[in-house]
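All remarks here apply to the structure that follows.
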Amino acid sequence: MNNSEKNKNTMKRFQICINTNDKLLAEELIDSKAEFASLISPEILYGGSGYLSVVEFMRQSFSDIKWEIVDMVAEDNKVAVNWICSGTHDGEFMGISPTGKKFSFSCMNFYYFTDEGKIIKDVAAKGLIGIFEVLGFKNINI
C-alpha cells in the first residue's frame, strides 16, 4: 500500500477519533509536534490532546456535532478532505446564546503527514466561518 492509500485510511480512523473524542486514537494518529492555531486558545495547541481540545470546545456548543467524510483526494503526504459538519446549536458559542438551530455545511481541510504516517498539519479552507453562516451571522470576520 502506498503513502496516499495509508494516509486515506488514517483519515477514516481520524473521522472516528473526532466523532468519539478518542484521546488514545488521537495520540496514535496525530504527531505530538503538530501545531494547531485556534480561536479557543491564544497559544498554539500541540498533538492529539491539543486537537481534541478544539473538538471538546465545539461539543460544549454543539453537543451532537458530527463530521462525515464525503470525499478525499490523496497525493503522497497530503490528503484533501471534503467534510460535512452537522449538529445543533444547543450551548453558548463564542458569546452567541444557544439558538436551537440545526446546521449542516460542507468544509474542506488539507492534512499533511509525517513520513511515519501521522498528521502533522491541518489547514482549514473555511473553518468556523461555516458555523457562523448557518447560525445567521453573515458578516463575521474571523
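Derivation of every value follows stated rules applied to the coordinates shown; laboratory data play no part. Model, not experiment: these values are computed from the prediction. Neighbour counts run over all protein chains shown; Cβ positions are idealised from the backbone, glycine included.
Would any residue of the range 98-127 have its amide N under 15 Å from a label point 7 Å out along Cα→Cβ of Asn82? List them or say none.
105-110, 125-126
Quick one: compute a quarter of the convex hull surface over the Cα atoms of the chain and quote it in nm².
Result: a mean projected hull area of 8.0 nm².
Of the cross-linked pairs Lys12/Lys102; Lys8/Lys78; Lys33/Lys121; Lys23/Lys118, which ones have a Cα-Cα span greater than 19 Å in the structure shown?
Lys12/Lys102
Order by neighbour count: Met1, Met94, Met58, fewest other Cβ atoms within 10 Å first, most last.
Details: Met1 7, Met94 14, Met58 20.
Ordered from fewest to most neighbouring Cβ atoms within 10 Å, Met1, Met94, Met58 come out as Met1, Met94, Met58.
Net charge near Gly87: determine it from the other residues with C-beta under 10 Å of the C-beta of Gly87, scoring Lys and Arg +1 and Asp and Glu -1.
With Lys, Arg at +1 and Asp, Glu at -1, the net is +2.
Please give the calculated 222 nm ellipticity per residue for the chain, where each DSSP H segment of at least 4 residues contributes -39500 (n - 2.57) and the sum is spread over every residue; nearest 500 deg cm²/dmol?
Rounded to the nearest 500, the figure is -10000 deg cm²/dmol.
Helix 47-61 versus the longest principal axis of the chain: what is the Cα-based angle in degrees, 0 to 90, to the nearest 10?
20
Does anyone have the angle between helix 3-20 and the longest principal axis of the chain? Alpha-carbon axes, 0 to 90°, nearest 10?
30
Going by how many other Cβ atoms sit within 10 Å of their own, how do Met108, Met11 line up, fewest first? Mind showing how you got there, number by number?
Values: Met108 15, Met11 20.
The fewest-first ordering by Cβ neighbours comes to Met108, Met11.
For the chain, calculate the relative contact order in percent as a whole number, restricting contacts to Cα pairs under 8 Å that are 6 or more residues apart. Walk me through the numbers on the way to the answer.
On the way: 268 pairs, mean separation 29.8, N = 142.
Across the chain, relative contact order equals 21 percent.
Ranked by Cβ crowding within 10 angstrom, fewest neighbours first, how are Arg13, Arg59 ordered? Provide the component values of the computation, followed by the final result.
On the way: Arg13 12, Arg59 15.
Lowest count first: Arg13, Arg59.
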